[in-house]
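Please treat every number below as a calculation from the coordinates, not as lab data. Small disclaimer: the values here were computed from a predicted structure and weren't measured. All Cβ positions, glycine included, derive from the backbone under ideal geometry; neighbour counts span all protein chains shown.
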């Protein structure tokens, strides 16, 4: 009898061991598929995508082994839905998306596939999440707090160009976060004694036309709001600002590295490890609804002194000392 019991015990243990090994083998053999979408990056400018790749690698997600990364970019926000549609056809496990308009497009197309956004302006205002603490739904990530940043950019622009009394703002009215950015700017302008004018750009074709208006208006300075359109067309925007000879503040550090006078922005590469961490949690069973939206903690101010010299501007030492990078 004891021999029979011992035999049954050993058989049960063997079954449990085989089952356990089977589950581990299944998990080890699982290939996760992630769709990554971002505004197209002009040649020669810095991308935060490799940082995301490395962060996923450090978490154990290796392309060609247990990870497939579908990566696409869009020149215009209207192109994002088609790209996301392809991701959904490929049955991706998670969509990682840079920019608010891209994330909004993903949210419209799926309420079930998890979305991790990076640098999304005003995620509550554009309907990505219910709140920062408890997003609800299928999206979470890192917000760029665009309204507060627009205000800070105007303050820094005024500090760098103290004579600036009339500032023109270049804005894309089709971006859902533009209204909140302009609202914050109007309040800041009153406090700084600055008069604001707004010029609207909806398409790439309108950039050159609008800068002709800038030349006619001859403002003291300009501020370009955060928007994927301006990011993908940064070479054209910076070139037009140079021809107009208007000191301009931008929303991404790449602009200053491409010849723009000033740029103040969240450190995008620094956001990528946080996004990768959220992808990891989601793949392990966490719900985006329960993962609070993070906000950037590091911001970079870049000043291009070569451009300042071309414009005849002497940037005050007080602001130069606060810059993360000064281009000479």
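Data for the structure
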{"read-out": "Ascending count of other beta-carbon atoms within 10 Å, so fewest first, for 57, 38", "value": "57, 38"}
{"read-out": "Cα-Cα pairs of region 226-275 separated by more than 16 Å (percent)", "value": "39"}
{"read-out": "Simple label model, 7 Å out from Cα along Cβ direction - residue 89 to residue 202, nm", "value": "2.9"}
{"read-out": "Length added when fully stretched, residue 30-residue 209, from 0.36 nm per residue minus Cα-Cα", "value": "59.3 nm"}
{"read-out": "Per-residue Cβ neighbour rank within 10 angstrom, fewest leading, 218, 71", "value": "218, 71"}
{"read-out": "Separation of the residue 183 and residue 242 label points, Cα + 7 Å toward Cβ, nm", "value": "3.8"}
{"read-out": "DSSP-defined antiparallel bridges as percent of all bridges, region 254-328, nearest 5", "value": "60"}
{"read-out": "Pair-distance profile P(r), taking every C-alpha pair of region 101-202, with 10 angstrom steps and integer %", "value": "15, 40, 27, 15, 4, 0"}
{"read-out": "Calculated over the chain: convex hull of Cα atoms, volume per residue (Å³)", "value": "151"}
{"read-out": "Value of Rg to Rh for region 137-290 (Rh from inverse mean 1/r over Cα pairs, i.e. Kirkwood)", "value": "1.03"}
{"read-out": "MRE, 222 nm, helices only [DSSP H, n ≥ 4, -39500 (n - 2.57), over the chain, to nearest 500]", "value": "-14000 deg cm²/dmol"}
{"read-out": "FRET efficiency for residue 82 and residue 314, using Cβ-Cβ distance with R0 set to 35 Å, rounded to 0.05", "value": "0.15"}
{"read-out": "Nitroxide proxy distance, nm - points 7 Å out along Cα→Cβ at residue 174 and residue 218", "value": "3.4"}
{"read-out": "Sorted by Cβ neighbour density within 10 Å, fewest at the top, the residues 67, 182", "value": "182, 67"}
{"read-out": "Bridge type composition, the chain - antiparallel percent by DSSP, nearest 5", "value": "10"}
